[in-house]
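Visitor: Below: one structure in structure tokens.
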Amino acid sequence: MLSKLKLQTYFSQVLQAKKKVILITFITFALGILYAFTSPSEWTSSVKFLPDSNEGAQIGGKLGDIASIAGISGLGVGDDGNRLSPDMYMDIVNSTPYYRKLFDQQLLYSSGSTIDIKSYYEEIHSPTIGQRVKIGLSNLIDAAKGIFKSTDSESGGGYPYEFFTIEETELVKELKDRIELHVNRKTGIISVRSHFQDRVFAASVSTFTKEYLEDYLNDFANKKERLNLEFIEEQLGEAKLKFKKSQDALADFSDQNISLANERSQIRKEELRLERDFDFNIYQNLATQRQSAELEVEQSTAILSIIQPVTIPALRDSPKRVRIIILSIFLGFFFSVAWILRKEVLKIIGEIFSNKGVENQLSS
């Protein structure tokens, strides 16, 4: 503990160097004002939604009910495993396909026109002071390693893989800090937040992210239903052709043997009629199952319930100018006092370490 005498001594030293304290504090205060009023305004737009807890209903029963009639299997649609865990949503939004689609998307901004995100960063976005320093250092490194940049920025060479250039990779890093997704484990509510210098553009990115996630979840949820629907439609087409063929065969036989009344012709006509009726029953059952499958696909697409829709923010999110200015004053005063009392501070730190060394020796 510091004695009262030492504290009075330290206070006296600071008071004697008050001009230096005022000067350093004023400099940091001026830098704080400069930073606060030259940093571009940032806006945050968000959307909140709740994943649908309905796991789907069995509309027309299992789609394999007609297997005994048509010899078709594999039409059953299960309800398990057709929903993704919310823990995976962030991985979906941070995935390469998401950013690739985002790069190709035309997004609305304040002028009323649309722009892709690469052009937005080239034409509208203003880098902060820290970003300018980072860009300058990056350019120096790239200039020193020009050969690596020219090699890495080439196209993917026709390989069947996703490929990002250096510029796109840097943009992805930037966007990961600007597009956030949060899952509330207690309520299950999902929040998507976008943070950009254009308020309308921020709302557009939030809307795109929500729609991309919804499309992905819908595609995952009704994948089985869509596959079954496609399979049924394929079988229905074949059954329709077969029914038409058996119907034409019966009609042709009846026309050619209209005047014959022998037993053989009657038996053959009855066989053709039974074949036509059998093919018609298969066709009719498949048509019924297609309607059930279509309803299941439609029901499995309504996944997200919107709680808070996307809105254009009215107030900027940053920079928080008052906070920056107060923090700059505090830092200026703190560092000036620390510099004036640097000898005493180093002495106290040395005593602390020496006392610890003595304690370790005694304990050993």
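The values are calculated or read from the model by the stated rules, or taken from the named source; none is laboratory data. Not measured: the values here are computed from a predicted model. Methodologically, a virtual Cβ is constructed for each residue, glycine included, from the backbone with ideal geometry; neighbour enumeration extends over all protein chains shown. Accessible surface is based on the protein model in full, side chains and every heavy atom, while ligands, DNA and RNA are left aside. Shrake-Rupley method; radii C 1.70, N 1.55, O 1.52, S 1.80 Å.
Visitor: For a 21 Å ceiling on Cα separation, which of these pairs sit above it: LYS186/LYS224; LYS101/LYS224; LYS48/LYS176; LYS101/LYS320; LYS48/LYS173; LYS176/LYS210?
Guide: As for pairs spanning more than 21 Å Cα to Cα, those are LYS186/LYS224; LYS101/LYS224; LYS101/LYS320; LYS48/LYS173.
Visitor: Next question, about the same structure. Counting Lys +1, Arg +1, Asp -1, Glu -1, what net charge surrounds ASP317 among other residues with beta carbon under 14 Å of its beta carbon?
Guide: +3
Visitor: 7 Å from Cα along Cα→Cβ at both ILE352 and LYS176: what's the point-to-point distance in nm?
Guide: 3.5
Visitor: Compute the length gained on full extension between PHE26 and LEU315: take 0.36 nm times their separation in residues and subtract their Cα-Cα distance, giving the result in nm to one decimal.
Guide: 101.1 nm
Visitor: Here is a further query. Put SER336, SER254 in order of accessible area, largest first, 1.4 Å probe: what do you get?
Guide: Sorted descending by solvent-accessible area, the residues read SER254, SER336.
Visitor: Moving on to the next point. 7 Å from Cα along Cα→Cβ at both PHE103 and THR165: what's the point-to-point distance in nm?
Guide: 0.8
Visitor: Along the stretch 32-47, what does the Karplus equation 6.51 cos²θ - 1.76 cosθ + 1.60 (θ = phi - 60°) give for ³J(HN,Hα), rounded to whole Hz, x for Gly and Pro?
Guide: x, 5, 4, 5, 5, 9, 9, 6, x, 5, 10, 10, 10, 10, 9, 9
Visitor: Additional query: Using the basic label-point model (7 angstrom from Cα toward the beta carbon), what is the GLU344 to THR114 distance in nanometres?
Guide: 6.7
Visitor: Return the FRET efficiency for the residue pair LYS240, GLU271: r is the Cβ-Cβ distance, R0 is 22 Å, and the value is rounded to the nearest 0.05.
Guide: 0.55
Visitor: Only loop residues by DSSP count here, and only those with at most 16 other Cβ atoms within 10 Å; note down the trypsin sites (Lys or Arg not before Pro) in the stretch 274-327 that meet that.
Guide: Qualifying residues, ordered by number: ARG316, LYS320.
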